[in-house]
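Student: The following block contains the structure, expressed as structure tokens.
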Amino acid sequence: MIRAIYPGSFDPVSNGHLDIIRRAAEKVDELIVAVLQNRNKNGSLFTVEERLDQLRLVTRDLPNVTVDCFEGLLVDFAKQRDVQVIIRGLRAVTDFESEFQMALTNRSLSPHLETFFIPTSVEYLYLSSSTIKEVASFGGNICGMVPKELEPALLEKFKK
Ligand code: PNS
């Protein structure tokens, strides 16, 4: 039985994230989508609670997916949850260096924890949460970038 974790900031959840969640969930027995609750990471658009609710909403049809948050080191949370695999999406060469560094750091901290990379689907190659926030902040069209049911919440944030 493979229990995996897909960690991230998910601020906001994009269609690229959802694509990785769906594809990973098909390959593992249990997938925990874990939102980083970082006290030092200020300036998030959505609170951790909002992001947890959003992730639960968009993964409601995936029975082997649960959503949670963690603080501190990912490897510690993975150990608590008896997780063997970390899932990360890879968009392009630009992601590679930092992802490789993260994977090696996690492996040096916890040698039995492997990172599995899933290449992002081509249609989401250009997407990032920061780009989505920028487009939304200027009132641009975010259709196709985030799950449909999350569009109103994102647009609402920038109305205020
Ligand atoms: O979506 P993101 O922001 O690229 O996700 C980054 C995340 C949350 C996976 C990463 O920052 C993380 O795991 N942070 C927890 C702290 C940690 O374990 N650091 C050591 C590995 S670099």
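Student: Using a Cα-Cα cut-off of under 18 Å, which aspartates and glutamates could be cross-linked to Lys79, ignoring same-chain neighbours fewer than 8 residues away?
Tutor: Cross-link targets: Asp29, Glu30, Asp68, Glu71, Glu114.
Student: Taking loop as defined by DSSP and a crowding limit of 12 other beta carbons within 10 Å, which GluC sites (Glu not before Pro) in the range 27-87 fit?
Tutor: Sparse-neighbourhood loop GluC sites (Glu not before Pro): Glu71.
Student: What ranking of Lys148, Lys159 comes out by heavy-atom accessible area, probe 1.4 Å, highest first? Walk me through the numbers on the way to the answer.
Tutor: Details: Lys148 130, Lys159 160 Å².
From most accessible down to least: Lys159, Lys148.
Student: With a ≥ b ≥ c the root eigenvalues of the C-alpha gyration tensor of the range 1-76, is it rounded (a/c under 1.5), prolate (a/b larger than b/c) or oblate?
Tutor: Note, shape of the range 1-76 comes out oblate.
Student: Accessible area per residue of the chain at 1.4 Å probe, in Å²? Mind showing how you got there, number by number?
Tutor: Details: 9050 Å² over 160 residues.
Result: 57 Å² of accessible area for each residue.
Student: Here is a follow-up. Assuming R0 = 45 Å, what is the FRET efficiency of Val135 and Ser108, from their Cβ-Cβ distance, to the nearest 0.05? Mind showing how you got there, number by number?
Tutor: Numbers: r = 37 Å, r/R0 = 0.83.
For Val135 and Ser108, the calculated efficiency is 0.75.
Student: Let me have the 222 nm mean residue ellipticity of the chain computed from DSSP H runs of 4+ only, each contributing -39500 (n - 2.57), with the sum over all residues rounded to the nearest 500. Let's see the in-between values first.
Tutor: Details: 6 runs with 66 residues, N = 160.
When only DSSP H runs of four or more count, the value is -12500 deg cm²/dmol.
Student: Another question about this same structure. How high is the relative contact order of the range 1-152, given as a whole-number percent (alpha carbon pairs under 8 Å, six or more residues apart)? Could you put the intermediate results ahead of the total?
Tutor: Numbers: 222 pairs, mean separation 47.0, N = 152.
Relative CO of the range 1-152 lands at 31 percent.
Student: Run the 1.4 Å probe and let me know the accessible area of Lys157, rounded to the nearest 10 Å².
Tutor: Accessible surface of Lys157 is approximately 60 Å².
Student: Could you pull out every residue, at least 5 positions away or on a different chain, whose amide H is within less than 5 Å of the one on Ile118? Hs are placed 1.01 Å off N in the peptide plane, and Pro or chain starts have none.
Tutor: When sequence neighbours closer than 5 places are left aside, the close amide H contacts are Arg88, Gly89, Leu90.
Student: Next up: Cα axis of helix 48-58 to longest principal axis of the chain: angle in degrees, 0 to 90, nearest 10?
Tutor: So the inclination is approximately 90 degrees.
Student: Counting only protein heavy atoms and using a 1.4 Å probe, what share of the accessible area of the range 10-160 belongs to carbon plus sulfur, as a whole percent? All intermediate terms of the calculation are to be shown ahead of the outcome.
Tutor: Details: 4700 of 8720 Å².
The nonpolar share, carbon plus sulfur, comes to 54 percent.
Student: Can you bin the range 47-138 into rounded, prolate or oblate? Criterion: square roots of the alpha carbon gyration tensor eigenvalues sorted a ≥ b ≥ c, rounded for a/c under 1.5, prolate for a/b above b/c, oblate for the rest.
Tutor: Working: a/c = 1.77, a/b = 1.20, b/c = 1.47.
Because a/c hits 1.5 or more and a/b fails to exceed b/c, the range 47-138 counts as oblate.
Student: I would also like to ask the following. From the P(r) of the chain, can you give the percent of Cα pairs sitting at distances over 30 Å?
Tutor: On the way: 1507 of 12720 pairs.
The share of Cα pairs beyond 30 Å in the chain comes to 12 percent.
Student: Hey, what angle do you get for helix 15-27 against the long axis of the chain, alpha-carbon based, 0 to 90 degrees rounded to 10?
Tutor: With rounding to tens, the tilt is 30 degrees.
Student: If R0 is 30 Å, what FRET efficiency do you get for Glu156 and Asp95 from their C-beta distance, rounded to 0.05?
Tutor: Values: r = 30 Å, r/R0 = 0.99.
Computed FRET efficiency for Glu156 and Asp95: 0.50.
The values are calculated or read from the model by the stated rules, or taken from the named source; none is laboratory data. Because the structure is a prediction, the values reported are computed rather than measured. FYI the Cβ positions are ideal-geometry reconstructions off the backbone, even for glycines, and counts take in every protein chain you see. Surface accessibility is based on the protein's heavy atoms, side chains included, excluding ligands, DNA and RNA. Shrake-Rupley method; radii C 1.70, N 1.55, O 1.52, S 1.80 Å.
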